[in-house]
Structures are given as C-alpha cells and as structure tokens.
Protein chains: 2
Amino acid sequence: MKKLINSVETVEDEMVQGLVKAYPKYLSKLDCGNVVVRANKKEGKVALISGGGSGHEPAHAGYVGEGMLDAAVAGAVFTSPTPDQIFEGIKAIATDAGVLMVIKNYTGDVMNFEMAGEMAEMEGISVKQVVVNDDVAVEDSLYTVGRRGVAGTVFVHKIAGALAETGASLDEVQAVAQKVIDNVRTMGAAIAPCTVPASGKPGFELAEDEMEVGIGIHGEPGTHREKIMTANDITDHLLEKILADIDYSGSEVAVMINGSGATPLMELYIINNRVADVLAEKGIKVVETFVGEYMTSIEMAGFSISLLKLDDQMKELLAAKADTPAFKA
Amino acid sequence: MKKLINSVETVEDEMVQGLVKAYPKYLSKLDCGNVVVRANKKEGKVALISGGGSGHEPAHAGYVGEGMLDAAVAGAVFTSPTPDQIFEGIKAIATDAGVLMVIKNYTGDVMNFEMAGEMAEMEGISVKQVVVNDDVAVEDSLYTVGRRGVAGTVFVHKIAGALAETGASLDEVQAVAQKVIDNVRTMGAAIAPCTVPASGKPGFELAEDEMEVGIGIHGEPGTHREKIMTANDITDHLLEKILADIDYSGSEVAVMINGSGATPLMELYIINNRVADVLAEKGIKVVETFVGEYMTSIEMAGFSISLLKLDDQMKELLAAKADTPAFKA
C-alpha cells in the first residue's frame, strides 16, 4: 500500500484536523471525535447533519457552511460513525427549528443515525430524517437493504440546506430533501480499486483490460465486471440505466460527473462531453453541470453520473448561495 | 495504459468540448483549436491570457471567468500551444486596455507566447507578459532554463485577474502579477507517475517503496528518488526548501496544497495538517488555505505545497470576487 499518510491509526484524525485548519472561517471541530460543525452557529433555522464513514472527501465535512450542512460526522474509513458521535453533533447544532439528518442508505449509517436521533428526541430536540438511495446499479448490496446512497447526496445537502437557510420549517426542509431523493439517480463504474488504509489491500482486483460496472462508494464490487470500454460506451451504458429508472423526458436536469478520487478531470470532462450530447439528443435540458470530486472512494479510479430532475423550487434552491469549503454557489 | 478515454487522438478536443458544455454560462470555445474564452467578453479592462499543454486540468481553462482569466489556450498534452492558437486567443479577448500573458516557465511556452505577443503587437494590440517560475526544486530542468512554473501560477491568475477587473492599467496588472511571482514558492513530490495518452507509458517508474522528490508538472522526474517517507517527513522536507528560498518570517501567507490528479483529498488534508502546524510554530500567519486539485499532471499521485507571502494589496485581491468553473471566491 502506497499512500501519503503517517500511520493507518491516525488517518481520520489527522485528516479532519487538516481540513479544519485549512478552513477555520468555516469549520470547527468538536472535542468528542471527528464531528465538524460550522464555525459560527446560525440560530433560528433548521440544522442539517450528515456524515458516514471517512474516505469520501470532500464529503461530508467539506459541505459544512452557509447554505448546506451545519454538521458532518466522520467515522473510520468506510465505517459508520457511532450513535454517540452523531448525538454530540446533533446537540451542538440543534436549534428550536429542529434538526434534519441526511443519511446515505447503508445499514450501519441508518441504524446509528436513527439511534442518535432517538437519543436527541429524548432530550427534547425535534429530529427528522431522510435516507438517500440514488444508486440505480443494485437493488440490494453487501451493505444495504435497498439501493445505496451515493453522489446524489450532495444535491440533497445543497437543496435542503438552501431551503433551511430561508427559515423554512423542519417539515418543509424534510419534504424538499425527500423530493430531491425521489428525483435523483446515479450510477458509476471504476477502472481501479481503492485501498482502505487499515486493510492495506485493494477492495477488489481488476486486470489491465477490465472495468467494474455499478460500483458503490465503499470499494465494494459492482454489478459485474467486463472488458474496458471507451469512455463514450461506458457513459452510454450508465446513462441508459439512469434514464430507464425515472422519466426524464422533456425535463430540466442538473448533472453531476463525480470523480472517485484518482480520476483526472481530463477524463471527467470527456465523459461530460458525451453526457451533454446524449441528453441534448433526447431533449433533456441541462440547467447546471458539476464536474469534479464530490463523493469519492479514497483513490479509486472511476466516476459516477448523477441526474437530478428539477422543478422550479429545486432549480431556485440549487442556484441559491452556498459558501462551504468544497461547494460555492 | 488504462484510461477513461475514447482515443488518444481526440483526448484534448473532447476534453475541452466537455468542459465548455459543462459551463456554458462561463465559457465558450473559439473555432480555431482549443482556445477557451469568457462567454461574455468584458470591455474596458486588461485581458489576461494563459495556457500551456493540456494535462493540468482544471488549469487553465477552468480559471476563465470573472476575476481571473479572459482566455486559456490548450496545447496537446504536455505540449505548448502554437503561436497561431495563442494569437487567436489574444485577438479574441483584446481590449483597448491591453493584454497580459501569464506564462509558465517552460521553453516552448515562453517561445510560443512571445511569438504570439509579437504578432499581436504588429496588429496594434498592447501586450505584456510575466513568466512564472515558482518551483524551488531545480534551477534548470529538462524543459526549462531557470526554474519551472507550477501551481503558484494559479495565485498569479487570481491576483492579477482581480486587479484587472478593477480597471487598472496594463502596467499595474503586470506589476502585481510580477509581485506574486516574486513572492510565491512551490515544491512537490510524487508516489506514482502519470501516463501521457499518446505515449501510452508512464513518464518514470517507481518501486513500491519509492517516491520522487522535486517533481514538475509534466511527468518528468524530480531532483531525486528516495524511500517513501511519512506524510509529515516529506512535508517537512518540501517546506524546508521553500522556507529557505525567501524570508517568510513574521509574514502573512496564502497556502496551496495542490493534488497532482490522483491524490485523494484525504492525503492532502493530512499534509495540510502538518503544514499548518509547522507554519504556526514558525510564527508565519496563514491568511487563507487552498486544498485541492489546482494544477495537475493528469493522474499523477503526488502533491505540491505553495506559499505566497502576502502584502495588503495581494491579500485584498486574493479575497476579491472570482467566479470561474474551478475557482470561486
């Protein structure tokens, strides 16, 4: 395993400290483990918390700031944060308007966030939740019942976070978060795996001419392995699955071409070149495109495509101001 | 060679098209090769042009937009753009206030930009230039006489671009660009090389326990090879070289921890954790930190550290509004 780290034991702590030291105007860290909150708490609004295992940087702590999250909780790499950790995050950000938990659909995350939510409710904090499940690749996986939550989660942060900033109620913020979930679909593929530091070995092995289709974001294998295709062919395959899942025809959409960690922007732009052409051909109007690393899998070489079908409310909230270390609008 | 591309012949064209299709509000492409300009030309200000070989994405086209560049010219991967291409870019963005060329110090880039500048002068366009040479690793290299221009170039774009936006004169914009160059230093290291698509082979080979110190951004070898160190040790080594080059003591600085293309953000944050501690210990005050991929080498796994010593003018211009695909402030 070849990595720029100091020791496998300190990866998560040093990473979170390095992030907070880079962006002190935005972020501060609680004393109880890797919980990152806004440097300046904003009262009177619904507070958003998200998180999960580490290894998805800049998710989720990079999205803490105005117009997005109020807290992000980071577990060990690809491991759910504990209920105690999440509970501390909730307590730190809770306002009279309540707290929305944005959970990616993985069994451990759902269980631990729900437990933390119950602990907070017992202390009189209003907590609601949404569970993101945008990955069309698999119905159930190694780590989930139902579809996995992947890069589409960032659209949930952005849009629900923007509504929360307006002073909307907890029910309204939960409703718009659920609307994003209902309208976003994602699928990915990879040409090289990633290595969890504590394990020291790649999550799967691929031959020089193979790719893994339908990958998740935890280094787990996808739906199947096949001979590597051209960028256009693999893009067409992923888009076909996404477009078959909900009816995008005649819609306005936001597009995210998300890199998995080691994929050069060069390749992501080439993929977007195809995505833009296919959507134009189908009469689907792209309102905004995001190309970059939004939800990574450490140093996996791969990508995912997310399509969010927009209505006027989501369109306006997507364009609203966001000021966070990793996402500005 | 395992890449998400369609063919080695079309990499640059498809990439630039995919970028422009992602950000049509910001960018448009000229018909004469890979020259990207602002979607809306702004008259009455000094226009900035930069560029070089492809493979450094998001540099430079990702920095075209308000408060930074007016045009970016992309050659083939790691190959200078032609004088004709640069000349077309200059003509497209030229205003009565003149054009500043921001050139990274590589022999081909300097020669071709200078030739294009002369062609533009003959057409009555006022053109001045600066040459960025921030890399402290080597005095001369495979591709340069004198030091190489690397990630510090992004600070030149940001600060000179912000001054240009205020309506400052060409001399003033050139002077502040030169001030940034005089005050920024960078050094990098890599643990895995990159592969130029047209060559199909990595630029160098490293054993599982080796790293290359003092790398440039064109896949070329660095100053020397050694056993891989901890993130803290390699960070200390690079910082030592940078801090020995100009006197930063008691200064305010901007820090850039730049990923080379395949380095996960996790590792860049860990590196920043050390950089922040060392600078704090030395009494050097960090005003702003940038962690991410700003000047890449396709899918090289590595990073560079840049330190820009600030004065009040540079500090203000660094914080001024920028609205481009890859850099927002």
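When residues in region A:159-196 are screened for being assigned to a loop (DSSP other than H, G, I, E, B) and closer than 26 Å to B:Lys3 by Cβ, 3 of them pass. So A:Lys45 fits all but one of (1) in a loop (DSSP other than H, G, I, E, B); (2) under 25 Å from B:Gly302 (Cα atoms); (3) among the basic types (Lys, Arg); what number is the exception? Result: A:Lys45 fails condition (2) only. Of the strands (runs of 3 or more DSSP E) entirely within region B:245-329, those holding at least 2 residues that are more than 10 Å from chain A (Cβ to nearest Cβ) and touching a Lys or Arg at 6+ places or on another chain (Cβ under 9 Å) occupy B:252-259, B:301-310. From the list B:Val213, B:Val196, the lone residue that is closer than 30 Å to B:Ser251 by Cα and β-branched (Val, Ile, Thr) is B:Val213.
Conditions tested, residue by residue: (1) of a type outside the set (A, V, I, L, M, F, W, C); (2) buried (at least 24 other Cβ atoms within 10 Å of the Cβ); (3) modelled with pLDDT of 95 or more.
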| site | (1), (2), (3) |
| --- | --- |
| A:Val46 | no, yes, yes |
| A:Ser50 | yes, yes, yes |
| A:His56 | yes, yes, yes |
| A:Ala72 | no, yes, yes |
| A:Thr95 | yes, no, yes |
| A:Leu100 | no, yes, yes |
| A:Ile103 | no, yes, yes |
| A:Met115 | no, no, yes |
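Report, by residue number, each residue of region A:134-154 that is charged (D, E, K, R) and touching a residue at least 60 places away in the same chain (Cβ under 8 Å). If the condition is that a residue be charged (D, E, K, R) and touching a residue at least 60 places away in the same chain (Cβ under 8 Å), then A:Asp134, A:Asp135, A:Arg148 are the ones that fit. Tell me yes or no: at least one residue of region A:102-111 is on the phi > 0 side of the Ramachandran plot and touching a helix residue (DSSP H, G or I) at 6+ places or on another chain (Cβ under 6 Å). The answer is no, given that none of the residues of region A:102-111 is on the phi > 0 side of the Ramachandran plot and touching a helix residue (DSSP H, G or I) at 6+ places or on another chain (Cβ under 6 Å). Checked against the criterion of being of a type outside the set (A, V, I, L, M), without any contact (Cβ under 8 Å) to a residue 60 or more places away in the chain and closer than 18 Å to A:Val173 by Cα, the candidates A:Gly89, A:Gly117, A:Gly65, A:Gly108 yield just one match: A:Gly117. Given the criteria over 19 Å from the mean Cα position of the chain (by Cα) and at pLDDT 95 or above, does A:Ile191 qualify? So A:Ile191 passes the test. Restricting B:Glu208, B:Glu240 to residues that are surrounded by fewer than 23 Cβ atoms within 10 Å (Cβ to Cβ) and at pLDDT below 95 narrows the list to B:Glu208.
When you scan region B:58-78, do you find a residue that is of a type in the set (A, V, I, L, M), touching a Pro at 6+ places or on another chain (Cβ under 7 Å) and either away from every other protein chain (no Cβ under 14 Å) or at positive phi (or both), even just one? Looking through region B:58-78, at least one residue is of a type in the set (A, V, I, L, M), touching a Pro at 6+ places or on another chain (Cβ under 7 Å) and either away from every other protein chain (no Cβ under 14 Å) or at positive phi (or both).
The values are calculated or read from the model by the stated rules, or taken from the named source; none is laboratory data. Predicted model, so just to flag it, every value in this text is computed and none were measured. Here Cβ is always computed from backbone atoms with ideal geometry, including for glycine, and neighbour counts include all displayed protein chains.
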